[in-house]
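What follows is a single structure, written as structure tokens, with notes after it.
The values are calculated or read from the model by the stated rules, or taken from the named source; none is laboratory data. Just so it is clear, the model here is predicted, and its values are computed rather than measured. No Cβ is skipped: glycine too gets one built from the backbone with ideal geometry, and neighbour counts run over all protein chains shown. The area values use the complete protein model at the heavy-atom level, side chains included, leaving out ligands, DNA and RNA. Shrake-Rupley method; radii C 1.70, N 1.55, O 1.52, S 1.80 Å.
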Amino acid sequence: MLLLPSVFLLSIWTQVSSGSRTTEEWKSRIIYQLLTDRFSQAGEAPSVQCSDLKSYCGGTFVGIKERLDYIQSLGASAIWISPFVENTDKGYHGYWAKNIFKVNPMFGTREELLDLVDACHERDIWVMMDVVANHMGYPVGTPYNFTDFVPFNETWHYHEWCEIEDFTCQESVELCRLFGLPDLNETQPFVRETLLNWIANITQEFGFDGYRIDTVVEMPKSFWRDFYESGDTFMMGEANNGDRTCYTGAYQGPLPSLLNFPQYWAMRRAFTERKPMTEITDSLAEQRECFSDVTALGLFVDNHDFPRFLNLMNDTKLLSNALAYVMFGEGFPLVYYGTEQSFHGGGDPLNRESLWPYYSTEAPLYKYIKSLTTARKSLDVNFTARNQVELFVDSNTLVFARGKNSELLVVLTNVGHLGAQSVMENTVTGLGRYTDNTEFVNIFTSEDIITVNRGATVIRLNEGLPKVYLKRQPGGSSSSSVRDVIPPSLLGLACMLSFFATRL
């Protein structure tokens, strides 16, 4: 039996640094999610993609470090990487822990992980580490053979074996196994204290800036309060149990941030199922009732657990609209690796492709996402505040405003390629907050100017793509330079976006 006292646990990791970050600080970040094993091998990239997606493909910490230019050029200011601990057989994704005190040798060494964190920090790229506290990996032989696990190698470290069969029964969700993975019993003092000490120590050892927490709904909220306090830095939880907004929202409080699954499901319905855009506004109304802070939620259209957007709906026009919401909507944006290269993999593991050899910074979606990140960082708009107002919605169009004075207008459509060869002219009402003759300039195409009169305006959507407008300041005449309205960093993007539109 391995029974380590807390004092010993505290000395396992040499404490060298602290990466404590607040939720408010994280709200200004743009996060790029990657799987360590699938993002980049060290050295020259292979000429073909990995063919066996059920096992290790060869990505490493050194590979990530060597591709930081690619990430930074896209506009990301943080990376979310796979759990780093040693895993059981074929645990390339990191979610099947074998030894929580050992770095996965398939990814690299402790020193190489430290070097990666240091290299990121030198570029002001923050590191969000994925961690798992709910379960360990698959035992060898029998479901109760825990002898190879460190430090949880005894039967009493786990709940009795049962499988989660009803995800609406919270007792089953918290006490039973997910896909047969041994479920840790956090009510045992040894298990609880070990996990709390472990998260505290790796924060100080590696200087991680935050954590993404796996399988949050499968452990009690009281545990997560203690876990967050022990980790002493930002945490974003994966709380997903179907499209149950208030159920999910109850986990914000124990943890400061969550992935916004209600918004993910709403955008899937609106964009990939072509349901009315009211799916989004209806979900937002529920979120504002059920979450304590919608601006602290992570927005995404792709991740490692669900088929990619382009697999569900092979329409890059629709994807471009969904990405515009991710970048400008309330919350902070996440981009899953491969989206920028138009990856279209299906369910796990097909949505976990190797990124190599596709590192082109000229790919249309790479350049489009770069234009969005540039805009978010360049515009004088507070994207971290609760200032989103939905102004107009119908079956095919959503218009919302951001900013203290609603100075940014974002116009989205779900017509997709059906509108690619035409101009869709919308009379947008609900703009009564603006005085007559208020002008808005398209941030990417300065010739595109709209004027509000009597609470309405006409917006022409071209080729099924979204538009983003910035209000011209009072006193600016129609002949004033667009440079008085649009940041210089965006002025050169119009030609690139025109190119993008023709390629999608």
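List of remarks:
- Looking across segment 367-423, just one residue is basic (K, R), farther than 24 Å from Q287 by Cβ and in contact with a Phe, Trp or Tyr (Cβ under 7 Å, 6 or more places away or on another chain), and that is K367.
- Pair list, Cβ under 6 Å, 6 or more apart: segment 191-203 residue among the small types (G, A, S), other residue assigned to a helix (DSSP H, G or I): A200/S230
- Residue check for G141: at positive phi and either part of a strand (DSSP E or B) or in contact (Cβ under 8 Å) with a residue 12 or more places away in the chain (or both): no
- Among the numbered conditions (1) open to solvent by less than 10 Å² (accessible area, probe 1.4 Å); (2) within 21 Å of I125 (Cα to Cα), the only one that W224 does not meet is (2).
- The residues of segment 232-256 that are open to solvent by 40 Å² or more (accessible area, probe 1.4 Å), modelled with pLDDT of 95 or more and of a type in the set (D, E, K, R) amount to a single one, D232.
- Pick from segment 354-379, criterion touching a Leu at 6+ places or on another chain (Cβ under 9 Å) and open to solvent by 20 Å² or more (accessible area, probe 1.4 Å), ranking: farthest from G94 (Cα to Cα): S378
- Check on E286, in contact with an Asp or Glu (Cβ under 6 Å, 6 or more places away or on another chain), of a type in the set (D, E, K, R) and open to solvent by 10 Å² or more (accessible area, probe 1.4 Å): no
- Of the residues making up segment 145-154, one or more are not in a loop (DSSP other than H, G, I, E, B) and not basic (K, R).
- Subset of segment 26-46 that is in a helix (DSSP H, G or I) and aromatic (F, W, Y) - its residue that is nearest to T339 (Cα to Cα): F39
- The residue list T168, T194, T187 contains one member that is in a loop (DSSP other than H, G, I, E, B) and either modelled with pLDDT of 95 or more or on the phi > 0 side of the Ramachandran plot (or both), which is T187.
- Boolean, T435 is assigned to a strand (DSSP E or B) and farther than 17 Å from A324 by Cα: no
- Checking each residue in segment 119-131 for being touching a Gly at 6+ places or on another chain (Cβ under 8 Å) and open to solvent by 10 Å² or more (accessible area, probe 1.4 Å) picks out H121, W126.
- Taking segment 234-344 and the helices (runs of 4 or more DSSP H) fully enclosed by it, the elements with 2 or more residues that are under 14 Å from the mean Cα position of the chain (by Cα) are at 261-267, 316-328.
- Of all residues making up segment 99-117, the number that are surrounded by fewer than 19 Cβ atoms within 10 Å (Cβ to Cβ), assigned to a helix (DSSP H, G or I) and touching a helix residue (DSSP H, G or I) at 6+ places or on another chain (Cβ under 9 Å): 4
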